[in-house]
1. Over the chain, what is the percentage of antiparallel beta bridges among all DSSP beta bridges, to the nearest 5?
2. Which length gain, in nm to one decimal place, applies between residue 220 and residue 64 when the Cα-Cα distance is subtracted from 0.36 nm times their residue separation?
3. Each label point is 7 Å from the Cα along the Cα-to-Cβ direction; what then is the distance between the points at residue 158 and residue 81, in nm?
4. Averaged per residue, what accessible surface does the chain expose to a 1.4 Å probe, in Å²?
5. Using +1 at the Cβ of each Lys and Arg and -1 at the Cβ of each Asp and Glu in region 25-147, identify which of 120, 135, 81 lies farthest towards the dipole's positive end.
6. Using R₀ = 35 Å, calculate the FRET efficiency as 1/(1 + (r/R₀)^6) where r is the Cβ-Cβ separation of residue 211 and residue 90; round to 0.05.
7. Which percentage, to the nearest 5, of the DSSP beta bridges contained in region 1-113 is antiparallel?
8. Would you work out the charge dipole size for region 23-101 about its Cα centre, treating the Cβ of every Lys and Arg as +1 and the Cβ of every Asp and Glu as -1, and quote it to the nearest 20 debye?
Amino acid sequence: MEETPGVVLAVYAHPDDADVGCGGALARWDKAGCAVHLVVCTDGGKGTTDPDVVPEHLAAERAAELDASSALIGLSSVENLGFPDGQLTDSDGFRCTLVTRVRALRPEVVCGHDPTAMFFGQDYFNHRDHRIAGAALLDAVAPAAGLPHYFPDAGPPHQVSTVLLSGTLEPDEWVDVTDTIETKAAAVECHRTQFSGQSGWAGEAVRDRAAEEGRRAGVAYAEGFRRLNLGV
Ligand SMILES: [Zn+2]
């Protein structure tokens, strides 16, 4: 994707998800003058294997990590809706909240999780919060945000032009992140509670993954997405 949108809204389940999924693209668009907004749905308080960690304390740590990574990416705004980790539900209330943000920020491009991605090989299946956040976001973007009788008190309708879904098994669009790969790597490294390996491990994993996508896209580093064109 070559074009630079004017306004982008990224909606992701956990504090680290946007940096992992599309941090390079968000940083690229910010550098090009785009207003980039992020909504994080959960507090991430259960993202640990340590039984002695207090979820509220972890959530506070993760909020600080997100502040640091958001500054690196250059986000215009970041908001955490504060749902408990692992407990997102695809409810009218959640979708109304997302519709309200879409109508207020009026993005051309919305980024989020691909809710259809379930099994990634034999080692990982997609987190429930990712699937629910992705499905609720799609339904909030279309048709709800664009039609006045859906959530009539949530602001004037707005039609999003393009949706880019990360964490997808079927990428059909790539953003060249060669110029921002180091920003992305540094942003992902901010989430120390999630990537507690040796220093630099997460950044290396980010570069390896982006290089793999880059080979498919014909550039050094890329992020892959499933693209939906909804514009009129
Ligand atoms: Zn996540």
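1. Within the chain, antiparallel bridges account for around 35 percent of the total.
2. Extra length from residue 220 to residue 64 when fully extended: 53.0 nm.
3. In this crude spin-label approximation the distance works out to 1.5 nm.
4. Each residue of the chain exposes 46 Å² on average to a 1.4 Å probe.
5. Farthest towards the positive end: 135.
6. About 0.50, to the nearest 0.05.
7. Within region 1-113, antiparallel bridges account for around 0 percent of the total.
8. It comes to approximately 480 debye.
The values are calculated or read from the model by the stated rules, or taken from the named source; none is laboratory data. Just so it is clear, the model here is predicted, and its values are computed rather than measured. Positions of Cβ are generated from backbone atoms using ideal geometry, with glycine treated the same way; all protein chains shown enter the neighbour counts. Calculation scope for accessible area: heavy atoms of the full protein, side chains included, ligands and nucleic acids excluded. Shrake-Rupley method; radii C 1.70, N 1.55, O 1.52, S 1.80 Å.
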